[in-house]
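Down below is the structure, laid out as structure tokens.
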Amino acid sequence: MIKLKDVDPRMIANNLKPSEPVHPGLLLKEEIECRGITQKSLAKQMGVSYTVLNEILNGKRPISVEYALYLEAVLGVDAQLWIQMQADYNLQVAKSDKIIMRRIKEIRKMAAVL
């Protein structure tokens, strides 16, 4: 979290969380479109299945570490960025899951007793 003197941390853009999690595949899709790269061309350059890549680009499959490394090789975008975006997305989705959050609340209660 970014902190600035006399500024509410909730008012700093980098500290805001979107109300709807954005899958990193959707950002990747925009990136390749801006570069004029087709999905089939990217899949071929990466040496991966077009179907799997398409599922990633449509937010139906996560960007794995392996794919992040392939993307880094082809696009020159650090693999760590893709991995971090995927982890942030996964965390945001989990935190919005009422069942998971109810269970976490129960765990915290039990842990406080110990």
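Per residue, the accessible area of segment 48-114 comes to 69 Å² when a 1.4 Å probe rolls over the protein heavy atoms. Given an 8 Å cut-off on Cα distances and at least 6 residues of separation, report the relative contact order of segment 34-114 as a percent. Over segment 34-114, the number comes to 17 percent.
Here the chain is assigned +1 on the Cβ of each Lys and Arg and -1 on the Cβ of each Asp and Glu. Its dipole about the Cα centre then comes out at about 600 debye.
Kirkwood hydrodynamic radius (Cα pairs, Å) of the chain? Working shown, then result.
Numbers: mean 1/r = 0.0609 Å⁻¹.
Across the chain, the inverse of the average 1/r is 16.4 Å.
Quick one: helix 79-95 against the long Cα principal axis of the chain, what's the angle to the nearest 10°, folded into 0 to 90? Helix 79-95 sits at roughly 40 degrees to that axis.
In this calculation the C-beta distance from Asp88 to Glu55 is compared with R0 = 22 Å, giving a FRET efficiency of 0.65.
Beyond 15 Å, the tail of the calculated P(r) for segment 57-114 holds 62 percent of the Cα pairs.
Ile37 contributes an accessible area of around 40 Å² to the protein surface, as traced by a 1.4 Å probe with all chains present.
Can you put Lys44, Lys29 in order of accessible area, largest first, using a 1.4 Å probe?
Details: Lys44 170, Lys29 50 Å².
Largest accessible area first, the residues go Lys44, Lys29.
In the assembled protein chains, Asp97 presents an accessible area of approximately 60 Å² (probe radius 1.4 Å).
Of the solvent-accessible surface of the chain, computed with a 1.4 Å probe and all protein chains present, 57% belongs to carbon and sulfur.
Using only DSSP helix segments of four residues or longer, with each worth -39500 (n - 2.57), what per-residue ellipticity at 222 nm results for the chain after dividing by its residue count and rounding to 500? Let's see the in-between values first.
Values: 6 runs with 72 residues, N = 114.
The per-residue figure over the chain is -19500 deg cm²/dmol.
The values are calculated or read from the model by the stated rules, or taken from the named source; none is laboratory data. Here the structure is a predicted model, which is why all the values come from computation and not from measurement. When we count neighbours, we look across all protein chains shown, and the Cβ atoms used for this are built from the backbone with ideal geometry, even at glycine. Heavy atoms of the whole protein, side chains included, go into the accessibility calculation; ligands, DNA and RNA do not. Shrake-Rupley method; radii C 1.70, N 1.55, O 1.52, S 1.80 Å.
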